[in-house]
1. What translational diffusion coefficient, in µm²/s and rounded to a whole number, does the Stokes-Einstein relation yield for segment 196-278 at 25 °C and a viscosity of 0.890 mPa s, taking the hydrodynamic radius as the Kirkwood radius over Cα pairs?
2. So, in nm, how far is label GLN152 from label HIS191 when the simple model puts each one 7 Å beyond its Cα toward the Cβ?
3. Over the heavy atoms of PHE30, what accessible area does a 1.4 Å probe trace out, to the nearest 10 Å²?
4. At 1.4 Å probe size, with no ligands or nucleic acids counted, give the accessible surface of THR287 in Å², nearest ten.
5. Largest first, how would ILE65, ILE47 line up by accessible area (1.4 Å probe)?
Amino acid sequence: ASKRGVDTPTIMKADSLNPILLNEPLLPSFASLRERNLRTLYGDTKISEYINNDKSPKGSVDEKIRPLVNLINLHPEFVTLSSCSGRVAMFDPAGSCCDDHQLEDSKKAENESDVDTPTQQPKEVKGTEISGKGRGKWIFVTHDILPDLGEQIIESLKQAGTQRLSLQTTMMDTNDNNSPITFKHEPPLLHIAASSLAAGKKLLHFVKSTCAMRESGLVVTDQRVTVEIRTTGTLLCLPLMVQSDTSLQPNEDYLMALADMANKRMEQNGVLLEKLFHTIQNELFDTSSNNHSVEEGEAEFHVSFEPLPSLNLWKCASVAIPSKSQGGETS
């Protein structure tokens, strides 16, 4: 079990998971795409241990979303393209793209006037004022629930203020040092390639209806059908101000409360991933043929269903609750 009581779902044995296939004609590029992505993740076309060598900045699949990624990749009509289990992050648009060691080397070169070598200039950043692409840096990122999240946020903001002060004394100060730092909590995100438009529509339907991830959608081209699974239900995005003297706005009490809110939303991410896992397992796989042995303390019973007249109500369900009769039998 993970922190704060959120269980991590586990996948049943692969031989007990029977994919429900639509048997639609495959897109021409899907077979090679699926093989390439599986080899990138697992080093083979079979689902196994991750080799932690993907193209993301982190370099590996988030631990909390791995069971879900494995489950999706077990189905021959789907393959994952990218994933995130949710995160708390801060982005400084005025941050230097180089690290502290490069900054120190630049200062050192400026002070060494007896060395007949030109001062190393920072690499030119490609981007525009509008897009901001290629500028700034992430000063804090976590995919976990952290008890000391508030303290880490405050420390990262103070370090960003210190770096802004250092940049003011160098030629590297090309950005606006008064620009706000963006604080974000981002919900889980998945991009999944489907083998056909029908398969993509099927996955999208129960993701939106059962898991209530209504911002999900399809991206359809001649070569690929991509299902984007996303929600903005727990999204947080707000500006934080930090000055070069490391003074913070809002104050530290506010930041501690903000961290507590972000941790609670990270808990909700775990619940959402678990619901998504069980929904995909129930909708895309036939597990009815599994032989289940009744363990001690469990009751085995059978349920029969009868059709009911239409009630014209959406998102309603019926459930059978076993109860013991006077004779001791389960009914």
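1. On the way: Rh = 15.7 Å.
Translational diffusion coefficient: 157 µm²/s.
2. 2.6
3. Taking all protein chains as shown, PHE30 has close to 10 Å².
4. Around 50 Å² of this residue is reachable by solvent.
5. On the way: ILE65 0, ILE47 55 Å².
Solvent-accessible surface, decreasing: ILE47, ILE65.
The values are calculated or read from the model by the stated rules, or taken from the named source; none is laboratory data. For clarity, every value in this text was computed on a predicted model and none was experimentally measured. Reconstructed Cβ throughout: ideal geometry from the backbone, glycine too, with neighbour counts over all protein chains shown. Areas reflect the complete protein model, heavy atoms only, side chains present, ligands, DNA and RNA absent. Shrake-Rupley method; radii C 1.70, N 1.55, O 1.52, S 1.80 Å.
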